[in-house]
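Throughout, read-outs are computed from the coordinates displayed, never taken from laboratory work. In this text, all values refer to a predicted model and were calculated from it rather than measured experimentally. Please note: Cβ atoms are built from the backbone with ideal geometry, for glycine as well, and neighbour counts cover all protein chains shown.
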Amino acid sequence: MGLIGGLIELLFGGGRNVVRETAEVFRENAEAGAARARDVQMGALDQFAAEFTVSRRGGFDRIMDGLNRLPRPALAMGTLGLFVAAMTDPIWFAERMQGLALVPEPLWWLLGVVVSFYFGARHQTKAQDFQRDLASTMARVPQAVENIRALRALRFDSPGAADAGTDAEMALAATTPEVNRALEDWRRMKRA
C-alpha cells in the first residue's frame, strides 16, 4: 500500500496534478483560455472607455456649450425669416439684399470657411460621442444575449421547461398512498 500511496502522492500530491499539467502541454486548458480572452477583451474595452471619459465640467464650459448650440438654429430661423420678409415687405427685403450685394467676394469666402470649420468640428464631436455610446452599448451585448437566452429557456414551449425533476417525482411517490390489498379485504370483512 505504501508504493501505491507514494505513486498517487507523486502524481496528485502537494497541490499539483502531474497528469493535468502534462496534458496542458499538448492542449490548452479551455477554462483558462476563456478567462485570458475575457481579460483581454475587458482590458480593451476599459482602455477604449477611458479615452472617451468626460471630465467634470464647470459653469463656463456649460455656458459655452449652450452658445455653441445657437448658430444652427439661428441660421435656419434666419433663412426662414428672409423668406417671410420677402413676402411681407418686398421693398425692405430688396434694400437688405442690395446691401449684401456690396459685400466683397473674399469676405464671402471667409464666411464659408468659418462656417465649414464650425460645422465640421461640430460633426466630428458628435461622431466621437456616437462612437463612445456605441462602444458602451456593445459592451452590454453579451449580458443582454445571456439574459435573452435565460428568458427563452423559461418559455412554456421550451423542452423541459415544466420538468420538475426527480425530486418532485420522489415527493409525489412518498405522499401518494399505495393500494393495500390486505387492508381492503379486512374492511370488506368488517362491513359484512
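Going by C-beta contacts inside 10 Å, put Arg132, Arg96, Arg191 in order with the fewest on the left. Kindly include the intermediate steps, with their values, before the conclusion.
Numbers: Arg132 16, Arg96 13, Arg191 6.
Listing Arg132, Arg96, Arg191 from fewest to most nearby Cβ atoms yields Arg191, Arg96, Arg132.
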Inset, instruction - Over the Cα atoms of segment 85-135, compute the convex hull volume and normalise it per residue, giving Å³. - result: 86 Å³
Inset, instruction - Using θ = phi - 60° and the Karplus relation 6.51 cos²θ - 1.76 cosθ + 1.60, list the HN-Hα couplings for segment 65-72 in order, rounded to whole Hz, with x at every Gly or Pro. - result: 4, x, 5, 5, 8, 6, x, 5
Legend entry - Global size of segment 70-114 as Cα Rg and Dmax, reported in angstrom: 12.4, 32
Inset, instruction - Report the percentage of all Cα-Cα pairs in segment 17-161 whose separation exceeds 28 Å, rounded to a whole percent. - result: 60 percent
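How large is the charge dipole for segment 57-164, taken about the Cα centre, if only the Cβ atoms of Lys, Arg (+1) and Asp, Glu (-1) carry charge, to the nearest 20 debye?
On the way: 12 positive and 10 negative charges, 62 e Å.
In total the dipole reaches around 300 debye.
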Legend entry - Ranked list, fewest to most other Cβ atoms within 10 Å of each Cβ, for Lys190, Lys126: Lys190, Lys126
